[in-house]
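Report on the following structure.
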Amino acid sequence: QVQVVESGGGLVQAGGSLRLSCTASGSISRIEIMNWFRQTPGKQRELVATITRRGSTDYSGFARGRFAITRDNARNRIDLQMNSLKPEDTGVYYCNADITMPGQSYGKYYWGPGTQVTVSS
């Protein structure tokens with residue numbers, strides 16, 4: 001079994017910062033890509049940022065320059081540092097990881113339950 005769990009959400013004023021964390025645990029052989037997604041009110045879930053096992057990163061346009069994704073392979077963990085937050089950043093933030101279990105030759109994406117981020121104006 002594999003679990004993916006996010007933490008660090010909360011309420012912050014516009015212009016403030018939050019740091020989200022995501023940890024994968026369980027029967028894990030390897031994790032390739034790890035992503036942060038979000039779902040804001042009235043919109044579909046969208047990609048925020050992605051990081052490969054080697055540390056290559058990519059960001060959606062709204063996140064570039066304000067958010068930073070980092071990774072700790074030893075701890076199967078990624079963080080998302082979010083700065084200069086805006087009310088439109090309010091939503092549920094999800095972690096998603098491409099995990100290969102022992103004995104398997106391919107990975108599967110696992111989702112966390114999400115963490116709420118609320119930015120007040």
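Points worth noting:
- Filter pass, GLY9 being among the small types (Gly, Ala, Ser) and open to solvent by 60 Å² or more (accessible area, probe 1.4 Å): no
- Residue match in the range 84-96 (condition: part of a loop (DSSP other than H, G, I, E, B) and touching a helix residue (DSSP H, G or I) at 6+ places or on another chain (Cβ under 7 Å)): no
- Qualifying residue in the range 112-119 (condition: surrounded by fewer than 13 Cβ atoms within 10 Å (Cβ to Cβ), outside any strand (DSSP E or B) and of a type outside the set (Phe, Trp, Tyr)): yes
- Residue list for the range 54-92, restricted to those being surrounded by 16 or more Cβ atoms within 10 Å (Cβ to Cβ) and within 19 Å of SER25 (Cβ to Cβ): ARG71, ASN76, ARG77, ILE78, ASP79, LEU80
- Qualifying residues in the range 1-37 (those that are among the aliphatic types (A, V, I, L, M) and in contact with a Gly (Cβ under 6 Å, 6 or more places away or on another chain)) - the one nearest to SER105 (Cα to Cα): VAL2
- Filter pass, THR100 being over 24 Å from VAL119 (Cα atoms), surrounded by 15 or more Cβ atoms within 10 Å (Cβ to Cβ), of a type in the set (S, T, N, Q) and touching an Asp or Glu at 6+ places or on another chain (Cβ under 8 Å): yes
Per-residue answers, yes or no, for (1) within 22 Å of THR40 (Cβ to Cβ); (2) acidic (Asp, Glu):
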position: THR50; (1), (2): yes, no
position: ARG54; (1), (2): no, no
position: ASP58; (1), (2): yes, yes
position: PHE62; (1), (2): yes, no
position: THR70; (1), (2): no, no
position: THR100; (1), (2): no, no
position: PRO113; (1), (2): yes, no
position: THR118; (1), (2): yes, no
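- Among the residues of the range 94-113, none qualifies, meaning not one is polar (S, T, N, Q) and more than 25 Å from GLN1 (Cα to Cα).
- Residue in the range 58-69 that is outside any loop (DSSP other than H, G, I, E, B) and either polar (S, T, N, Q) or within 16 Å of GLY114 (Cβ to Cβ) (or both) present: no
- When the range 22-42 is limited to residues that are polar (S, T, N, Q), open to solvent by 20 Å² or more (accessible area, probe 1.4 Å) and under 14 Å from the mean Cα position of the chain (by Cα), the one that is farthest from ALA63 (Cα to Cα) turns out to be THR23.
- Residue check, MET34 more than 25 Å from THR118 (Cβ to Cβ) and in contact (Cβ under 8 Å) with a residue 24 or more places away in the chain: no
- SER105 vs. criteria open to solvent by 60 Å² or more (accessible area, probe 1.4 Å) and modelled with pLDDT under 95: yes
The values are calculated or read from the model by the stated rules, or taken from the named source; none is laboratory data. Remember, predicted model here, so these are calculated numbers, not experimental data. All Cβ positions, glycine included, derive from the backbone under ideal geometry; neighbour counts span all protein chains shown. Remember, those area values only see protein heavy atoms, side chains included, never the ligands or the DNA or RNA. Shrake-Rupley method; radii C 1.70, N 1.55, O 1.52, S 1.80 Å.
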